[in-house]
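FYI, it's all coordinate maths here, none of it is from the lab. Predicted model only: the values in this text are computed from it and were never measured. Here the Cβ positions follow ideal geometry from the backbone for every residue, glycine too, while neighbour counts run over all protein chains shown.
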Amino acid sequence: MKTRRRPYTEQRPQDLGGGVWSVPVPIPGNPLGYTLVYAVESPQGPVLVDAGWNHPEAWEALSGGLATLGMDVASVRGVVVTHFHPDHAGLAGQVREASGAWIAMHEDDAALVRLMIGYAGDAQDTFRSDMLRRAGADPDEAREASGGRAAPPAQPDRELRDGDLVDLPGRRLRAVHTPGHTPGHICLHLEDADRLFTGDHVLPGITPHVGIYPYDRDDVDPLGDFLRSLDRVAGFGPLDALPAHEWTFPNVAARAAEIRDHHEDKLQRLRALLAERPEPLTIWEVAAMMTWNRPWDELSPMLRGMAAGEAAAHLRTLEVQGHVRRHAGVEPVRFQALDS
Ligand SMILES: [Zn+2]
């Protein structure tokens with residue numbers, strides 16, 4: 001797909017009308033470039049949707065961008081984050097320190113933040129290398145793929161559930177639970193201006209990462225959740241979408257349907273691949289067979305880890321749909337087509 005994405009340096013804070021502004025906040029060193037932080041006006045100070053990556057340059061862009069639009073970061077009433085990832089929740093803590101704002105997120109992501117805060121570095125490395133071994137990664141690769149994580153985000157003060165109204169006096173901003181990219185990802189429906197903040201759930205040019213961690217979990221189905229969440233958003237009809245990356249776009253329903261088709265295709269192609277290789281395969285072997293944006297051999301250890309997470313999520317969905325069988329109780333865990 002041809003991209004309309006422009007580099008961060010060409011982004012400017014914008015008045016989107018209806019008391020909604022966007023402020024691009026850079027993600028230093030990341031090809032995604034920037035997070036679009038939105039400010040929604042209220043008589044008691046703006047509420048931010050997401051906050052951006054925790055970095056001095058990002059803070060400069062956020063506080064400076066708000067100032068350009070006539071808002072003082074110290075007047076921010078609250079920060080509602082679409083999900084716990086560092087390019088969204090990273091700066092929320094610093095905004096809270098500067099303004100006394102509350103931080104809100106969905107209860108399922110809040111639970112993950114508590115887990116991350118309570119998790120020491122060594123325990124996290126052990127978790128990761130165990131997970132890679134059980135997926136069939138070779139031991140050297142398992143070692144290389146560990147390390148290099150962002151600090152956990154600030155603990156939220158408020159937890160949201162599906163259908164809750166965000167504390168935004170005089171306006172109606174409602175949480176729509178859209179699990180998939182994370183278990184507690186939310187979109188936010190600004191009902192008084194009929195627009196949808198889509199976070200990373202629906203982006204105009206790319207699709208969000210949907211993985212399963214640890215890879216061999218069989219009690220969740222993130223990709224199945226994601227597809228249902230796309231249907232849910234498609235049900236909103238042709239609303240304008242305000243995503244957390246890239247650019248704002250019309251007709252969220254059409255884009256949600258397109259992303260759904262992309263994953264249905266990917267599931268079909270994976271079924272075909274498994275049918276050609278009838279022996280039981282590890283998650284790592286399956287990931288290496290699938291098509292990524294670069295050849296498998298050129299993926300960094302971190303990107304291979306993410307690709308394996310995506311492969312695992314697709315395998316799990318095919319298992320739930322009855323197309324794939326898991327050989328559990330062996331290590332590494334293996335998968336095999338059921339109906340080849
Ligand atoms: Zn993001």
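I need Tyr215, Tyr119 ordered by Cβ neighbour count within 10 Å, fewest first. Please list the in-between numbers first.
Numbers: Tyr215 27, Tyr119 12.
Taking fewest neighbouring Cβ atoms as first place, the list is Tyr119, Tyr215.
Please determine, in degrees from 0 to 90 and to the nearest 10, the orientation of helix 121-134 with respect to the longest principal axis defined by the Cα atoms of the chain, where the helix direction is its Cα long axis.
40 degrees
Between Thr291 and Gln155, take the C-beta separation as r, use R0 = 51 Å, and let me know the FRET efficiency to the nearest 0.05.
0.85
Could you tell me the relative contact order of the chain? Use alpha-carbon pairs under 8 Å, at least six residues apart, and round to a whole percent.
Computed value for the chain: 14 percent relative contact order.
So for segment 257-340, averaging the separation of alpha carbon pairs under 8 Å that are six or more residues apart and normalising by length, what relative contact order in percent results? Walk me through the numbers on the way to the answer.
Details: 73 pairs, mean separation 31.8, N = 84.
So the answer I get is 38 percent.
Relative to the longest principal axis of the C-alpha atoms of the chain, give the angle of the C-alpha long axis of helix 107-117, reported between 0 and 90° and rounded to the nearest 10°.
80 degrees
Which distance in nm do the two modelled labels at Val330 and Glu264 give, with both placed 7 Å along the Cα-to-Cβ direction?
Each label point lies 7 Å from its Cα, and together they span 3.4 nm.
Going by how many other beta carbons lie within 10 Å of each one, how would you line up Leu239, Leu36, fewest first?
Least crowded to most crowded, the residues run Leu239, Leu36.
Within a Cβ distance under 11 Å of Ala110, other residues only, what is the Lys/Arg minus Asp/Glu net charge?
Details: positive: Arg114, Arg158, Arg161; negative: Glu107, Asp108, Asp109, Asp157, Glu159.
Residues near Ala110 contribute -2 overall.
Running a GNM on the chain with Cα contacts under 10 Å, which residue among Gly237, Gly90, Gly305 ends up with the highest mean-square fluctuation?
Gly237
How much length is gained on full extension from Arg114 to Arg6, taking 0.36 nm per residue of separation minus their Cα-Cα distance?
That works out to 35.3 nm of additional length.
Taking the convex hull of the Cα atoms, report for segment 147-305 its projected area averaged over all directions, in nm². Before the final figure, lay out the partial values.
Details: hull surface 46.0 nm².
For segment 147-305, averaging the hull's shadow over all directions gives 11.5 nm².
Rg/Rh for the chain: what does it come to with C-alpha atoms and Rh from Kirkwood?
For the chain, the value is 0.98.
What does the charge count around Ala74 come to, taking other residues whose C-beta lies under 13 Å from its C-beta (Lys +1, Arg +1, Asp -1, Glu -1)?
0
Taking the Cα centre as origin and putting +1 on Lys and Arg beta-carbons and -1 on Asp and Glu beta-carbons, what dipole magnitude results for segment 219-285, to the nearest 20 debye?
Dipole about the Cα centre, nearest 20: 140 debye.
Place +1 on the Cβ of every Lys and Arg and -1 on the Cβ of every Asp and Glu in segment 8-262, take the dipole about the Cα centre, and give the residue among Ala58, Pro238, Val202 whose Cα lies farthest towards its positive end.
Of Ala58, Pro238, Val202, it is Pro238.
About the Cα centre of the chain, what is the dipole size in debye to 20, counting +1 per Lys and Arg Cβ and -1 per Asp and Glu Cβ, all else neutral? Mind dumping the intermediate values first?
Working: 34 positive and 49 negative charges, 79 e Å.
In debye, rounded to 20, the chain gives about 380.
With contacts defined as alpha carbon pairs under 8 Å and 6 or more residues apart, what's the relative contact order of segment 218-290 in percent?
Relative contact order of segment 218-290: 22 percent.
Fully extended, how many nm does the chain gain between Asp192 and His209 (0.36 nm per residue separation, minus their Cα-Cα distance)?
3.1 nm
Under the classification rounded if a/c is under 1.5, otherwise prolate if a/b is larger than b/c and oblate if not, where does segment 59-130 fall, given a ≥ b ≥ c as square roots of the Cα gyration tensor eigenvalues?
Note, shape of segment 59-130 comes out prolate.
If I build a Gaussian network model for the chain, linking alpha-carbon pairs within less than 10 angstrom, which residue out of Phe236, Phe197, Phe226 has the largest mean-square fluctuation?
Phe236
Just want the ordering: Ser300, Ser63, from fewest to most Cβ atoms lying within 10 Å of their own Cβ.
Working: Ser300 11, Ser63 20.
Lowest to highest Cβ neighbour count: Ser300, Ser63.
Rounded if a/c is under 1.5, else prolate if a/b beats b/c, else oblate: with a ≥ b ≥ c from the C-alpha gyration tensor eigenvalues square-rooted, which is segment 1-122? Could you put the intermediate results ahead of the total?
Details: a/c = 1.76, a/b = 1.17, b/c = 1.51.
Because a/c hits 1.5 or more and a/b fails to exceed b/c, segment 1-122 counts as oblate.
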